[in-house]
Each structure stands twice: as C-alpha cells, then as structure tokens.
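Below is one structure; the comments refer to it alone.
The values are calculated or read from the model by the stated rules, or taken from the named source; none is laboratory data. This is a predicted model, so every value here is computed, not measured. A quick note on method: Cβ atoms are made from the backbone with ideal geometry, for glycine too, and the neighbour counts reach across all protein chains shown.
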Amino acid sequence: MKIILQKSLNVCLAGTVMAGAVSCGNTAGKRKPNVIVILADDLGYGDVSGYNPAQTLHTPNIDRLINDGLHFTCGYATSATSTPSRYALMTGMYPWRNKNARILPGDAPLIIDTAMQTLPRMFRNAGYSTGAVGKWHLGLGTGNIDWNGHIAPGPREIGYDYCYIMAATNDRVPCVYVENNRVAGLNKNDTIEVSYVKNFEGEPTGKDNPELLKMHPSHGHEQSIVNGVSRIGYMRGGKSALWIDETMAKTFLDHVKSFIDRQDSQPFFLYYGLHQPHVPRLPNEMFAGKSGLGPRGDAILEADWCVGQLLDHLEAKGLAENTIIVFTSDNGPVVDDGYRDDAVEKLGDHRPAGALRGGKYSLFDGGTRVPFVLQWKGTVTPGTSDAMVCQIDLYNSFAALLRQPVDHQKDSRDVMDALLGENPTGRADLVQEAQGKLAYRRGHWAYIPPHQGPAFSKWTNSDLGNAPYEQLYKLDSDIGETENLAPTQLEKLEEMRQQFNDIIR
Ligand code: NG6
Ligand code: CA
C-alpha cells in the first residue's frame, strides 16, 4: 500500500496547482485532501466503545471513524490538561518550553507567538483555507482585552482564516462566542466586563446566591452565574451574546458545517474543538438521561452525535473520501471536575480511562493516552495500530505529506507513515506533562522522576503520579502501571533517566 500511496501523493501533490486545486495525472482536478482535526475535551481512553467494545456507553459515530479508519492504542496528547496540550497541537512544540502554557483563565493573553510557524500556517502555505471552531483556550489579545471591540491577536493572527470559538473553557467567563475578532451577536449598548480578580457590584455569584443555580459546584466554580451555572471568573453585561450551554453543541456544529459549505476551490483544514465532556455538563435535552451515566455520559453521547452529523455532512457533500479526519482528546478523563452533576454517583462499572492508571491532571498514562483515530476513506486501510503517535506530530507529519518543509527545530516528528498504517512504531519517545511536571515514555517503558505534590487528588479521586522516588513501569505487561520496577530494573532506569534528561535539559 505504501508504494501506491506514495505514488499517488507524488503525482497528486507535485502536480500543477491551478486555482488552488491540484491536477493529478489523469484524475485532473483532484484536490489535496481536506483535513479535519476533531479534539474532544476530557474524553478518556475508556470512553469510546470502539476502544472498549464491552462497555455500556455506546459511541456509534466515533465508532464509524474507528471502523473505517485506523485507531491507535498508543495515541497521545502531550499534556494532561487543555492549554498545554492544545499548544503542542497548534505549534508542534513541547508546551513545557513555554512557561505560559498552563490552564489559562478566560482573559489570558494569547500564548502563541504570532511570528511562530504554526499548524494552520503550514496548511495555509500548502494552499489550504483554514478554520477553527469550538474550544480555543490558548489566550486572546495581549492583556486587558476589550470584549466590546476588536479582539486580537487570536486564531486569525496565528494562521486561521476563520474562527468561531469560546475563549477558554465552558466553565470560565466570558460565556460568549468570539467570531473572528469580535464577540458574536453582541448588542452595541450591552457592554461586557470581565474580571478574574473581583466581582462587579450587585452581580450575584454561586457562592452568595446558590438559590439561583440549576447546577451546583462541588469545588471552585462559585463566581459569576450564567445560564443558572456558576463559573470561574466574573463577568457583567453582554446579555445579548451569552451562550446557552444546552445549545452549544449545535452552535459549533452549525459553524463547522457552514465553514465547510463556504469552501470552494481550495482544500481546507479545520480544527473542531468539541466542548464535551468538560464541565459543566449540560447537553441538549435530546441527550439528557440517555446514557444512564448521568450528564457526563450524556455529554459524550452529544459529542458522538456531533461527530455523526459532521460525517453525514461530508458524505452529503461528496467529501467523505477526500477528507482526512483525525479524532482525539486534549487530555484524559475526569469524573468530578467541580460540579455536583451525578457523574460519580452514576458511574457504575464505566471506566473512563479504560485500563489506564490516572486521568486528567495525571502523570500516569491515563492523563495523556487518549482515543486517537485517523480516517482517510479509500486510502488508509482500516485497522488498529500500536505505533506511538502524538498530537504534537501533526505539524511535521502533515508538512511531509503536503511537501511542505519539515521543521527539525520543532519537537514534532514526521510520523505520517505510522498515521497511515505503514509503520508499526511511530515516534521513539515522548515527554508527557501534567500541571507543569514531566514524565517520559519510551518504547514500552514509562518513567516518572521524583515530584513533589500529592500522589492522589481528593477532588478528582484519582492518582496524580507524584512520588518522592523514581517510578518505572513496563506498559506492555502492566498497562495499569501497578508495579514500580525502578528498584529492580536499575539499568533500564538509568537509561530512561538519561534519555529523559537529554531532552529536557
Ligand atoms: C481546573 C478546574 C476544572 C477545569 C480545569 C481546566 C476548578 C476547581 N477546577 O482548575 O474544572 O476547568 O481547570 O480543564 O476550578 S481543561 O480541560 O481546560 O484543562
Ligand atoms: Ca481538557
């Protein structure tokens, strides 16, 4: 298959570019493939039924991607939280090289240098039209944003032609959508004010006015109230533009579809940041009560529906075969992430991280090993791959596929042959990050250096991976990282420590 594929790409991509389309040998007018990256928020390795056929939660549409594509058993986010993980995806650089790549508040400045070569810019250079819809969480502006004016820099200033985003997370203010450089639908006289320091005079908060809440916090999340849910941060005004959590999925999906519908002669690259199943979990009534697992499970069903709607749309437009879809998640799963939403009570036998240890925020594999699927209908043979691939690799992998310069200064690796199912190994190693702390994976081995901090999070009820001693696990025989081999496998330990230090120093 490799030979056929390489040949077709050579013919195709080295062909004459005419009005943005590539003339492809005798298939004149055939275009470069469109590329869509769907990034779920806090979806775990065990949350997708295609990865765990025995589980009760069914994700039939993500399973469509799996059945018609290649799914990776060792697909990674770089980080166990959103901002750093998205930073790596967008830039191809390890987030721990940038001290600002930590969970950002909703009024944080953009943390990507606007002069940097980014994933969307790489696509743009290859002749693509680029769009970002959904969760952003990489900061906007340069500090002191005026939410009533021109909001920049943001996605458009790092390579996206179009964007329709939420600034940070669905539990952080401002609870409005930003379309290109403005708050969408904002009425002129309806001024928005945002603060992460203090409340605005006379405005209710979750802390002081719990009677106004339809969903109550379990920890944090007790500041401004929007749509009956108290959030992180304070905001006032902007009533004309406030989002409604229950229609957020449809809103983003509609903008995804209309972005696709607007495309003409150019191929497109679309980043689609799903907001589910991040807290607060308020899926549309279509999904309420449907999973039996409470709002977290229902939100996963809603995310799955979004994927199905997108696939149907591509099919209806005749784009199913010439579109590469990568589906993955920004970090591992969490059950209680700050709201009393029944996720713990209704979890039953469901294991969001599957057999992996830890979850969101963790240095164990459950923090960063996530569902990771690539579908390219008609080109990539469906199946399973054990190759290690990471979201950070999308930059150099797609650069190589599209005959753009591969940037060897980046931490991104060209693993396109693994992504297409032609190489069983993928990247040699990966530095994983959780809350600013690092761990290291090479081959089947996982190494966690000594870290200060709690071993266990009582808030999220999960292992964080901190220990005052070194940890070494052999993942092929111990996927759940239960037996620390550091005291016995001294040679391996020394090798792992050395290789890890060579990268981070
Ligand atoms: C934490 C929030 C959590 C979530 C997370 C970011 C509290 C107590 N916890 O600080 O709810 O918002 O930040 O999640 O406030 S992420 O997926 O965007 O990284
Ligand atoms: Ca996340």
Leading residue by the ranking (surrounded by the most Cβ atoms within 10 Å (Cβ to Cβ)) among those in segment 81-94 that are of a type in the set (Gly, Ala, Ser) and near ligand 2 (Cβ under 9 Å from one of its atoms): SER85
Scanning segment 418-435 for residues that are more than 18 Å from ARG497 (Cβ to Cβ) and in contact with a helix residue (DSSP H, G or I) (Cβ under 7 Å, 6 or more places away or on another chain) gives LEU419, LEU420, GLU422, ASN423, THR425, GLY426, ARG427, ALA434
Exactly one of ILE244, ILE232, ILE225 is within 16 Å of ligand 2 (Cβ to nearest atom) and in contact with a Ser or Thr (Cβ under 9 Å, 6 or more places away or on another chain), and that residue is ILE232
Can you confirm whether segment 356-373 contains a residue that is surrounded by fewer than 19 Cβ atoms within 10 Å (Cβ to Cβ), over 18 Å from the mean Cα position of the chain (by Cα) and modelled with pLDDT of 95 or more? no
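Results for (1) within 16 Å of ligand 1 (Cβ to nearest atom); (2) closer than 26 Å to TYR162 by Cβ; (3) among the hydroxyl-bearing types (Ser, Thr, Tyr), shown as yes or no for each residue.
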| site | (1), (2), (3) |
| --- | --- |
| GLY44 | yes, no, no |
| THR59 | no, no, yes |
| PRO84 | yes, yes, no |
| TRP96 | yes, no, no |
| ALA101 | yes, yes, no |
| THR114 | no, yes, yes |
| PHE123 | no, yes, no |
Residues that are outside any loop (DSSP other than H, G, I, E, B) and within 14 Å of ligand 2 (Cβ to nearest atom), drawn from segment 312-358: THR328, SER329
Of GLY421, GLY426, GLY443, the only residue that is without any contact (Cβ under 8 Å) to a residue 40 or more places away in the chain and at positive phi is GLY443
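Every residue, every condition in (1) in contact (Cβ under 8 Å) with a residue 24 or more places away in the chain; (2) under 28 Å from PRO95 (Cβ atoms); (3) touching a His at 6+ places or on another chain (Cβ under 9 Å), yes or no:
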| residue | (1), (2), (3) |
| --- | --- |
| LYS239 | yes, no, no |
| ALA249 | yes, yes, yes |
| PHE252 | yes, yes, yes |
| PHE269 | yes, yes, no |
| ASN284 | yes, no, no |
| LEU301 | yes, no, yes |
| ASN322 | yes, no, no |
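A quick yes/no check of all residues on (1) more than 25 Å from the chain's Cα centre (by Cα); (2) in a loop (DSSP other than H, G, I, E, B); (3) farther than 17 Å from SER362 by Cα:
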position	(1), (2), (3)
GLY453	yes, yes, no
GLY465	no, yes, no
SER477	yes, yes, yes
LEU485	yes, yes, yes
GLU491	yes, no, yes
GLN499	yes, no, yes
ILE503	no, no, yes
Scan of segment 149-160 for residues that are in contact (Cβ under 8 Å) with a residue 40 or more places away in the chain and in contact with a Gly (Cβ under 8 Å, 6 or more places away or on another chain), ordered by number: PRO153, GLY154, TYR160
Counting only residues that are buried (at least 21 other Cβ atoms within 10 Å of the Cβ) and either assigned to a helix (DSSP H, G or I) or aromatic (Phe, Trp, Tyr) (or both), how many does segment 62-75 have? 4
Taking segment 170-196 as the search range and keeping residues that are within 16 Å of ligand 1 (Cβ to nearest atom) and not in a strand (DSSP E or B), which one is surrounded by the most Cβ atoms within 10 Å (Cβ to Cβ)? PRO174
Within the set of pairs 6 or more residues apart or between chains, which connect a residue that is at pLDDT 95 or above inside segment 210-222 to a residue that is within 16 Å of ligand 2 (Cβ to nearest atom) and among the small types (Gly, Ala, Ser) with Cβ atoms less than 6 Å apart? PRO217/GLY338; SER218/GLY338; HIS219/GLY338; GLY220/GLY338; HIS221/GLY338
Scope segment 446-485; condition without any contact (Cβ under 8 Å) to a residue 60 or more places away in the chain and either among the aliphatic types (A, V, I, L, M) or surrounded by 18 or more Cβ atoms within 10 Å (Cβ to Cβ) (or both); matching residues: TYR447, PRO449, ALA455, ALA467, GLN471, LEU472, TYR473, LEU485
So LEU110 clears everything in (1) within 15 Å of ligand 1 (Cβ to nearest atom); (2) within 21 Å of ASN180 (Cβ to Cβ) except one condition, right? Which one? (1)
